[in-house]
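First up is the structure itself, then whatever we jot down about it.
Nothing in this text is a laboratory measurement; each read-out follows from the coordinates by a stated rule. These numbers were taken from a predicted model, which means no experiment stands behind them. We place every Cβ from the backbone using ideal geometry, glycine too, and count neighbours over all the protein chains shown.
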Amino acid sequence: MTTLDDLPIRDDLRGRTPYGAPQLDVPVRLNTNENSYPVPEPVVEAIGKALAAELRDLNRYPDRDAVALRADLAGYLGHGLTVEQVWAANGSNEIQQQLLQAFGGPGRSALGFVPAYSMHPLLALGTGTRWVPGRRGADFGLTAEEAVAQVREHAPDVVFLCSPNNPTGTALDPTVVTAVLDAAPGMVIVDEAYAEFARPGTVSALALLPDHPRLVVTRTMSKAFGFAGGRLGYLAADPAVVQAVQLVRLPYHLSALTQAAARAALAHRDALLATVAAIKEQRDRIVTVLRSRGVPVADSDANFVLFAVDGDQAAAWRTLLDQGVLVRDVGLPGWLRVTAGTPAETDAFLTAMDKL
Ligand SMILES: Cc1ncc(COP(=O)(O)O)c(C=O)c1O
C-alpha cells in the first residue's frame, strides 16, 4: 500500500497530521464551539425555499463575486460598511487562507500570539508562509507593550490577533489592536469569530477600519448564527484588500446554494441570533459555578470557557468523556475548553466535573 512518505509531497508537509477535533458520537458534544441550538423551523423553511429557487439554474455558475450576499453582510455589520469592503468565502478559515495567499506565502512570515486559534499556523503552513509563534502573558493576556515588542522584533508580513481569543475566551482591548497596527509593517488580521458573544462594552475592531487600510476583520456565521454546516465566513476591510483576495480566490468559490442559504439565514438573523443571550447566560453560569468550586477559569467573551484541571488534562478529558461529555483538549497543559450550549448541556458538564 502506498503511504504518504512514498509520494513526492512537499518536505514541509511530511510527518504532519491534519487538523481535526474528534467528531465522537456522544450525548453532550461541547468541543467545537458550535451553537447547540438547531436552526428554528421558520428559518429551515425559508432556507429550503431559497435553495429550491436556485435549483433550476444550477446549470449556470454562481455570481463569482457574491455581490448580493456581501451587501447583506455589510448591512448586518453596520459601521457604514459597503459591499466593496466586504468579502465572503466558505468559512472564515477560507477567508484567512485567501488572506495568506495574497499577503503571506513563500519568503514571507505570519506572527500569532499563542495559544490562539490552532488553524492560523496550519493555514500559514499550507500557504508556505513562515509561522512565528508569539508569546502571551502567564494569564494568557496580551498587553500592547508585549505585542508591539514582538511585532518590532519579527517584522512579520501578517499579524494574527484573535478577539475574543480562542481558546482562552478573552477579548482584546482595542488599544492593543491600534498599537499593533502602528508597529506592524504589513497586514493585521483580527479574527472576530466570536464577536457576537462578547460581554457588554467590548469594542469590535470594525470601529478601527476607517483609519487603517492594513486592518482586516474576519467574522463567521458558524458560531452565533448557528450556521456552521452552511460554511460562510467573511471579512471587512479597505476595498483594496477585497481586490487583493479576488486575485487569489478560486473562480466561483461560493456555490449558488451557499449564497442563497446564507442570504436566507441573514434575512432571519433575529431568529438565529436569539440564542446568543441564552448561550451567554450558560457561559457565565459555567464561569461562576467553576469559580465557586475553586477552579481557575479565564474570563470569557465567547461561547466557551477555558478551565484548569488538576494534573494531566488528557486524563481529565477522558474522565469527562467517560460520562458522555466531550470537551476540547487544546494541548494546553493543565487546561481544557468547554463550549457553552443549552442549560441541560451545562448541567451534564457540571455534574461530570464533580468526578474530577
Ligand atoms: C477563532 C476562530 N476563527 C475561525 C474559526 C473558523 O470558523 P469557520 O471556518 O467555521 O468560519 C474558528 C472555528 O472554531 C475559530 O475558533
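Determine the shape class of region 173-309: with a ≥ b ≥ c the square roots of the Cα gyration tensor eigenvalues, call it rounded for a/c under 1.5, and otherwise prolate if a/b is greater than b/c, oblate otherwise. Oblate is the answer for region 173-309, as a/c is 1.5 or above yet b/c matches or exceeds a/b.
The spacing between region 204-235 and region 250-283, judged by their C-alpha centroids, is 12 Å.
Taking only alpha carbon atoms, region 232-334 gives an Rg to Rh ratio of 1.12, where Rh is the Kirkwood radius.
For region 130-137, the Karplus equation 6.51 cos²θ - 1.76 cosθ + 1.60, evaluated at θ = phi - 60°, returns couplings of 5, 9, 10, x, x, 10, 10, x Hz by residue, with Gly and Pro reported as x. Simple rule: put +1 on each Lys or Arg Cβ and -1 on each Asp or Glu Cβ in the chain, find the dipole, and look at ALA352, ALA261, THR202; the Cα lying farthest toward the positive end is ALA261. The residue among SER300, VAL241, THR319 whose Cα reaches farthest toward the positive pole of the charge dipole of the chain, with charges on the beta-carbon of Lys, Arg, Asp and Glu, is VAL241. Calculated on the alpha-carbon coordinates, the convex hull of region 141-247 measures out at 113 cubic angstrom per residue.
Whole Å is fine, so just give me how far the alpha carbon centre of region 70-117 lies from that of region 290-356. About 30 Å separates the Cα centre of region 70-117 from the one of region 290-356. Its alpha carbons give the chain an Rg and a Dmax of 20.5, 60 Å. Note on LYS280: lysines with a C-alpha under 20 Å away, same-chain residues under 8 apart excluded, are LYS223.
Here the Gaussian network model covers the chain, with springs between Cα atoms less than 10 Å apart; of MET221, MET119, MET187, MET119 fluctuates the most. Each residue, ARG14 and LEU58, gets one label point 7 Å from its Cα in the Cβ direction; the gap between the two is 4.3 nm. Which one, GLU281, GLU145, GLU34, has the greatest fluctuation when you compute a Gaussian network model over the chain with C-alpha springs under 10 angstrom? Result: GLU145 has the largest fluctuation of those listed. Mind checking which of VAL159, VAL28, VAL44 has the largest fluctuation in a GNM of the chain, springs on alpha carbons under 10 Å? In the Gaussian network model the winner is VAL44.
How long is the gain from HIS253 to LYS49 if the chain were fully straight, where each residue apart is worth 0.36 nm and the alpha carbon distance is subtracted?
Gain on stretching HIS253 to LYS49: 71.2 nm.
What you get for region 186-292, charging only the Cβ of Lys and Arg (+1) and of Asp and Glu (-1), is a dipole of about 260 debye around the Cα centre. In the chain, helical runs assigned H by DSSP with n ≥ 4 each contribute -39500 (n - 2.57); averaged across all residues and rounded to the nearest 500, the mean residue ellipticity at 222 nm is -11500 deg cm²/dmol. Using Cβ point charges alone (K and R +1, D and E -1), the dipole size of the chain about the Cα centre works out to roughly 300 debye. What you get for region 27-118, charging only the Cβ of Lys and Arg (+1) and of Asp and Glu (-1), is a dipole of about 260 debye around the Cα centre.
Applied to region 186-201, the Karplus parametrisation 6.51 cos²θ - 1.76 cosθ + 1.60 on θ = phi - 60° returns per-residue 3J(HN,Hα) values of x, 7, 10, 9, 9, 7, 10, 4, 10, 3, 5, 8, 4, 6, x, x Hz, with x for Gly and Pro.
In the chain, a dipole from Cβ-located charges (positive for Lys and Arg, negative for Asp and Glu) runs towards its positive end, and of VAL158, ALA68, GLN85 it is ALA68 whose Cα lies farthest in that direction.
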